[in-house]
Amino acid sequence: MIIWLASYPKSGNTWVRSFLTAYYFCENGIFDINKLSLIEDYPNKQFFKEKVKQGEIHKHWETSQKNIRDQKKVKFLKTHNSLITAFGNDFTKPEYTLGVIYVIRDPRNVITSVKNHNDLDSYDKALKFMQDENKVLEDYPHLKNYAKTNIVNSWRINYRSWLANKSFRRVTIRYEDMVKNPTQTFEKLVVFVNTLMRFDNKIDQKKLNNAIDTTNFK
C-alpha cells in the first residue's frame, strides 16, 4: 500500500521527504542523504516494465500501483501529480492508497521558487506556469521515455484535487508551519503516519528532535 507525499512543485515536498527519511529510516533520526532514495519519485521508470510513450502515462498508473500493493508492504511515494482522472484512468484508488500527506505552501512564495528553478526571466511567466491548467512536467524526453511525466495542472487544480477528495485519510502540512512551528508540525505528521501504520502513537522525542535538526535547511 502507498502513503503519498504529494504537493505542487516547490512547496516543501523535499523537506518533508527528508524528515520522513530521517525519522523512519535513519538511526536515531539523524538524516543520511544516501537513504533519501528510499522514498522514491512517482511516476518513474523503475515502476514500469515498458517504456512510457508521450501522453500515455495514465495507462500505467493502475498496473504499477497494483504491483506495489501486491508486495504487501507500505511504501512512501513522492509525487507532484494531481489527483485526477485522465481518459478514464484514476491516478490512484483506495485499494492502493493507505493515506495522503499533502504539503501546501503559500502560492505567493511558490512563484519565486518556480521562477528560479525553471530559469524563467519574469514573474509573469512564473505566474502563467502556475495557472496553466494543463501543465505537464516531463523529465526524460531526450530518452524518449516519459515515465517521469507528472500531470501537475495548475496550482489551484493540484491543491483542490487532493484536498477535496474524501476517499483517503489525509493530513495537510503547511510549509509556513514547518518554518514557524517545526516541532508541533512534525509531531502531527508522525502521529498521522504511525496511525496509518498501526504503530504505537508515542513519539520518540530524541528521534524527532534529531530529524528536525538534521533536515533543517539552514
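The values are calculated or read from the model by the stated rules, or taken from the named source; none is laboratory data. If you're wondering where the values come from, they're calculated on a predicted model, not measured in any experiment. Don't worry about glycine lacking a Cβ; one is built from the backbone with ideal geometry, like all the others, and counts go over all protein chains shown. For accessibility, only protein heavy atoms count, side chains too; no ligands or nucleic acids. Shrake-Rupley method; radii C 1.70, N 1.55, O 1.52, S 1.80 Å.
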Check your understanding: Only one of L127, L83 is open to solvent by 40 Å² or more (accessible area, probe 1.4 Å), hydrophobic (A, V, I, L, M, F, W, C) and at pLDDT 95 or above; which?
Key -> L127
Study note, to complete from the structure: In region 1-14, anything touching a helix residue (DSSP H, G or I) at 6+ places or on another chain (Cβ under 8 Å), among the hydrophobic types (A, V, I, L, M, F, W, C) and in a strand (DSSP E or B) is listed as I2, I3, L5, A6
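Residue-wise test of (1) open to solvent by 70 Å² or more (accessible area, probe 1.4 Å); (2) of a type in the set (K, R); (3) modelled with pLDDT under 95.
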| position | (1), (2), (3) |
| --- | --- |
| N116 | yes, no, yes |
| L120 | no, no, yes |
| N150 | no, no, no |
| R160 | yes, yes, no |
| K166 | yes, yes, yes |
| E176 | no, no, no |
| P182 | no, no, no |
| M197 | no, no, yes |
Practice item. Exactly one condition in (1) over 23 Å from S18 (Cβ atoms); (2) at pLDDT below 95 is not met by D132; state its number. Key: (2)
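Please return the ranges of strands (runs of 3 or more DSSP E) entirely within region 74-183 where 1 or more residues are touching a Ser or Thr at 6+ places or on another chain (Cβ under 6 Å) and not β-branched (V, I, T).
97-104
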Revision key, fill the gap. Checked region 15-63 for anything open to solvent by less than 50 Å² (accessible area, probe 1.4 Å), touching a helix residue (DSSP H, G or I) at 6+ places or on another chain (Cβ under 9 Å), not aromatic (F, W, Y) and not in a loop (DSSP other than H, G, I, E, B); matches are V16, R17, S18, L20, T21, A22, G29, L36, E40
